[in-house]
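This report refers to the structure that appears directly beneath it.
The values are calculated or read from the model by the stated rules, or taken from the named source; none is laboratory data. Here the structure is a predicted model, which is why all the values come from computation and not from measurement. Because the Cβ atoms are built from the backbone with ideal geometry, glycine has one as well, and the counts that use them run over all protein chains shown. Keep in mind that these areas ignore ligands, DNA and RNA; they rest on the heavy atoms of the full protein, side chains included. Shrake-Rupley method; radii C 1.70, N 1.55, O 1.52, S 1.80 Å.
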Amino acid sequence: MTSSDTDPRLLRAFVAVAEELHFTRAAARLYVAQQALSRDIRRLERELGAELFVRTTRQVSLTPDGERLLPHARRVIAAHDDLRAAWAIQTRPLLVDIGAPVGTGHRLLGLARSEAPGVEFVARYLSGLTGAAAEILAGRLDVSFGRVAGLDPAVRAGLAHQPVCFERLTVLLRDDHRLASLAQVPLAALAGERLYAAAGNPATAEWTDLAERLFTGRGIELVAPFPEIVGEEEFVRVVRKQGWSVLASTEFIEVPGMVVRPLVDPVPLSPVSLVWRKGLKHPGVDALRRVAAGVTAAERGLDMPAGSWLPEGELAFMS
């Protein structure tokens, strides 16, 4: 039996089957499909030039070569786990852009900190995914959240992403606005209105693009391009002074003297994905991906409500 640079993943698959003596239980233990596990075992057997299991319709048992391999495989896996643990202790902090201290990114960051208390997550508050994506590709940021479809294809090519949920869009109105008394605002009722959607801020181009697609053909205008507004306090000051109505998402910062109302007829959605640089390996990314998948499943975050709206072609980025 010979081997050269055997992948520890294959040995981990072998040990799981050897201990469970059942492919279905071993696959569940490793969180992989049974077919994938069987492929890994066959690949290991080819690499070693030995049959490791006797398989019948009723049971799985180790061959003599399998018995001989088992203690060695366990030692390799233990050493590999020790190496990963030692490296994790010295892992650098993960820089995570959550945009604002509310919303999906903020919530997932909190969950990840609980999931992986040994990892340092450092929050950043950039104003949009377009700007954050440039920082990720430059290596000055690790993770962000937002609408991947709104990014330039050349930028997307360097990023990995995991769909998380659809956030409902809302409108932020002055509390004396003619529509403020409504529990929900039909899009048709905004005809003739001008809404702020960060036009003029290149860092939030994906958000402005979503607004333009939503407003087209509905008689809703974008507020003319305005310099980037940095910081929550300054945003509140400018919006109140200008008297703008604002396109927002369901979870939004409080603005004194203004109210948030869900949009309906149709229900417009803002797609949110977890985004990171392709090839980035970090336990913090793993933790964020786990908690994001948990939230997506528990809250059915990728289910679209009846009568909802997305830009054409958007669903392809959320599957």
Yes/no for residue 29 being farther than 30 Å from residue 129 by Cα, assigned to a helix (DSSP H, G or I) and at pLDDT 90 or above: no
Pairs returned, first residue in segment 177-190 that is part of a loop (DSSP other than H, G, I, E, B), second residue that is polar (S, T, N, Q), beta-carbon separation under 9 angstrom, 6 or more apart or interchain, are 177/245; 179/245
Pairing a residue in segment 38-54 that is farther than 12 Å from residue 17 by Cβ with any residue that is assigned to a helix (DSSP H, G or I), where Cβ atoms lie under 7 Å and the two sit 6 or more apart in sequence or on different chains, gives 43/10; 50/65; 51/45; 51/65
Exercise for the section: Tell me, yes or no, whether segment 164-180 has at least one residue that is within 22 Å of residue 302 (Cα to Cα), aromatic (Phe, Trp, Tyr) and open to solvent by 10 Å² or more (accessible area, probe 1.4 Å). Expected result: yes
Scanning segment 191-224 residue by residue, those without any contact (Cβ under 8 Å) to a residue 40 or more places away in the chain, open to solvent by 20 Å² or more (accessible area, probe 1.4 Å) and more than 26 Å from the chain's Cα centre (by Cα) turn out to be 191, 192, 200, 216, 217, 218, 219, 221, 222, 224
Residue pairs qualifying under the 7 Å Cβ cut-off, at least six apart or on distinct chains, with the first in segment 96-125 being within 12 Å of residue 291 (Cα to Cα) and the second being among the charged types (D, E, K, R) and surrounded by fewer than 16 Cβ atoms within 10 Å (Cβ to Cβ), are 115/290
Can you confirm whether segment 71-91 contains a residue that is surrounded by 19 or more Cβ atoms within 10 Å (Cβ to Cβ), under 17 Å from residue 274 (Cβ atoms) and not hydroxyl-bearing (Ser, Thr, Tyr)? no
I'd like to know if segment 241-260 contains one or more residues that are in a helix (DSSP H, G or I), charged (D, E, K, R) and over 23 Å from the mean Cα position of the chain (by Cα).
yes
By residue number, the members of segment 290-308 that are more than 20 Å from residue 31 (Cα to Cα) and in contact with a Lys or Arg (Cβ under 9 Å, 6 or more places away or on another chain) are 305, 308
